[in-house]
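Asks: Next up is a structure, given as structure tokens.
The values are calculated or read from the model by the stated rules, or taken from the named source; none is laboratory data. This is a predicted model, so every value here is computed, not measured. Counting neighbours? That spans all protein chains shown, and the Cβs are built from the backbone with ideal geometry, glycine included. For the accessible areas, the whole protein counts, side chains as well, though only heavy atoms, and no ligand, DNA or RNA atoms are used. Shrake-Rupley method; radii C 1.70, N 1.55, O 1.52, S 1.80 Å.
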Amino acid sequence: MSEVENTSFKECLQRLMVSLEASLYEEATSQLSGLHSAEIARLLESVPPKDRIKLWLNIDSATQGDILKDLSEDVLSQLLNEMTADDIVKAAEGLDMDDLADIVPELPESALHNLLLTLDHKHRDHLRQVLSYPEDSAGGLMNIDMITVRDDVNVRTVIRYLRLLKKMPIDTDQIFVVDRSYQYIGAMHISTLLTNEAEQNIKPLINNDHKPILAKTSEAEVASLFEQRDLISAPVVDGHNQLIGRITIDDVVDVIRDEAEHSVMSMAGLDEEDDVFAPVIESTKSRSIWLGVNLITVFIAVFFIGLFEATLQEKIALAILMPVVASMGGIAGTQTLILVTRGIATGRVTHSNLKVLMNKEVAIGFLNGILWSVVIGLATYLWFSDLILSLVIATAIVVNLIFAAFSGAFLPSLLIKFKIDPALAGGVILTTITDVIGFVAFLGLASLVL
């Protein structure tokens, strides 16, 4: 095993930063040799822009092409801006059509024009076909590099054909069977070819268990299908059942990773494609928008608190206990929100079973409300020796946890209906709801009985 394989990413980055801080750019570039293109892309994203550019310009064009497809959008755009049109064409020459389609939107017009001139008529048509589908669909994910055969040949003919190819596309675990008009018939695993007699006609060997994936299918659904069916590759067809490409497991792994990063980053109002080392002003602008939205929601909660100003002045204990009510509701609601948002993303939660899930979550909110209202009520009584105050906060806890559970279950589907990402906006809206309900319930009850 090589030294590179034994070296962790953390150690590679540490050594790279030492060289860059000493302005030893040739030494830093040599440290990248022997690494996988995805590892180099990750290292480039982990260093400041000025060092990133100097490293990039020292990498040979053949390696640059493989790296481009693994870079985030912000870093990809930055590095492409540092390259000439000819350099971009050289770097992109060896890319598969699906990988090429991913970087095309970021290419300068001159580079795109030159690149298209290097492609033959067939590959230009294939590129246009991939670009005609949304990036987050099966058509946008697919690769046109695949092996097809007719159903009127035998095993010997297919094996001879595979040998003539010399090299099979990466992750080829099955070949696809089509008719003369390229209509999809079925698939046949390579292992099936190897375990049958040479004179066996392939028609009875065709596997029709797994249906092809429509090009318009969302990438999230594609990832779900690969997970459920344990697929390595899958055929993609258009609306007329014509085979147009295939999706491989490496593309699906990227989708799963991107979805996970999106979920985490969206909770803070960030984009997973953002450059970690983006300029301060640029990062400030993108984050200030979300802070402004959050400020508006805070003022909404503060407005409702202001309605009970007189009550708060009479009993200071209310101000002390207010965060307890808001916090309990926020946590309970967030638990439900994450559960339902994830369920919708994976297809386990739909309109048909949402009502059942909402009833379950409200029941959980009610039972948790009873449990923790007793605990908080007792703690309040021991602290302030005020039975009425203890009953007020206990009641407010029950009310807020019920509303929190209901809101957390209902909010994702409502946001999706208005084409708003619940992972992005759900947390802020839910916090506002639970704060307002909690404060109104707690202070409202207190103003009536205290």
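Asks: I need every pair where a residue in the range 368-396 that is part of a helix (DSSP H, G or I) has its Cβ under 6 Å from the Cβ of a residue that is open to solvent by 60 Å² or more (accessible area, probe 1.4 Å), sequence separation at least 6 or different chains.
Replies: Going by the 6 Å Cβ cut-off, the qualifying pairs are 388/449; 390/381.
Asks: Take the residues in the range 233-253 that are surrounded by fewer than 19 Cβ atoms within 10 Å (Cβ to Cβ) and under 20 Å from the mean Cα position of the chain (by Cα); name whichever of them is nearest to residue 175 (Cα to Cα).
Replies: Among residues in the range 233-253 that are surrounded by fewer than 19 Cβ atoms within 10 Å (Cβ to Cβ) and under 20 Å from the mean Cα position of the chain (by Cα), the one nearest to residue 175 (Cα to Cα) is 249.
Asks: Has the range 28-48 got at least one residue that is more than 24 Å from residue 145 (Cα to Cα), loosely packed, with under 15 Cβ neighbours inside 10 Å and in contact (Cβ under 8 Å) with a residue 40 or more places away in the chain?
Replies: yes
Asks: Please find, among 112, 165, the residue that is surrounded by 14 or more Cβ atoms within 10 Å (Cβ to Cβ) and of a type in the set (A, V, I, L, M, F, W, C). Outline the logic, then answer.
Replies: Working: 165 fails: surrounded by 14 or more Cβ atoms within 10 Å (Cβ to Cβ).
Answer to the check: 112.
Asks: List the number of the failed condition for residue 158; all other conditions in (1) touching a helix residue (DSSP H, G or I) at 6+ places or on another chain (Cβ under 9 Å); (2) at pLDDT below 90 hold.
Replies: Single failed check for residue 158: (2).
Asks: Among 213, 185, 190, which is of a type in the set (A, V, I, L, M, F, W, C) and farther than 14 Å from residue 237 by Cα? Give the derivation first.
Replies: Details: 213 fails: farther than 14 Å from residue 237 by Cα; 185 fails: farther than 14 Å from residue 237 by Cα.
Matching residue, one of 213, 185, 190: 190.
Asks: Follow-up. Restricting to the range 11-34, and then to whatever is modelled with pLDDT of 90 or more and not in a helix (DSSP H, G or I), can you tell me which residue is farthest from residue 96 (Cα to Cα)?
Replies: It comes out as 22.
Asks: Oh, and also: Kindly establish whether residue 106 is surrounded by 14 or more Cβ atoms within 10 Å (Cβ to Cβ), in contact with a Cys (Cβ under 9 Å, 6 or more places away or on another chain) and under 23 Å from residue 259 (Cβ atoms).
Replies: On the way: surrounded by 14 or more Cβ atoms within 10 Å (Cβ to Cβ): yes; in contact with a Cys (Cβ under 9 Å, 6 or more places away or on another chain): no; under 23 Å from residue 259 (Cβ atoms): yes.
So residue 106 does not fit the description; no.
Asks: Can you confirm whether residue 77 is farther than 26 Å from residue 215 by Cβ, touching a residue at least 24 places away in the same chain (Cβ under 8 Å), touching a Lys or Arg at 6+ places or on another chain (Cβ under 9 Å) and hydroxyl-bearing (Ser, Thr, Tyr)?
Replies: On the way: farther than 26 Å from residue 215 by Cβ: yes; touching a residue at least 24 places away in the same chain (Cβ under 8 Å): yes; touching a Lys or Arg at 6+ places or on another chain (Cβ under 9 Å): no; hydroxyl-bearing (Ser, Thr, Tyr): yes.
So residue 77 does not fit the description; no.
Asks: For the subset of the range 66-78 comprising residues that are within 14 Å of residue 39 (Cα to Cα) and in a helix (DSSP H, G or I), which member is most open to solvent (accessible area, probe 1.4 Å)? Spell out the reasoning first.
Replies: First, pick out the residues of the range 66-78 that are within 14 Å of residue 39 (Cα to Cα): 66-72.
Filter once more, keeping what is in a helix (DSSP H, G or I): 66-68.
Working: 66: 69, 67: 0, 68: 1 Å².
If we take residues in the range 66-78 being within 14 Å of residue 39 (Cα to Cα) and in a helix (DSSP H, G or I), then 66 is most open to solvent (accessible area, probe 1.4 Å).
Asks: Being aliphatic (A, V, I, L, M) and more than 30 Å from residue 218 (Cα to Cα) is the filter here, so list the residues in the range 342-380 that pass it.
Replies: Here is the first cut: in the range 342-380, the ones aliphatic (A, V, I, L, M) are 344-345, 349, 354, 356-358, 362-364, 367, 370-371, 374-376, 378-379.
Matches in the range 342-380: 362, 363, 364, 367, 370, 371, 374, 375, 376, 378, 379.
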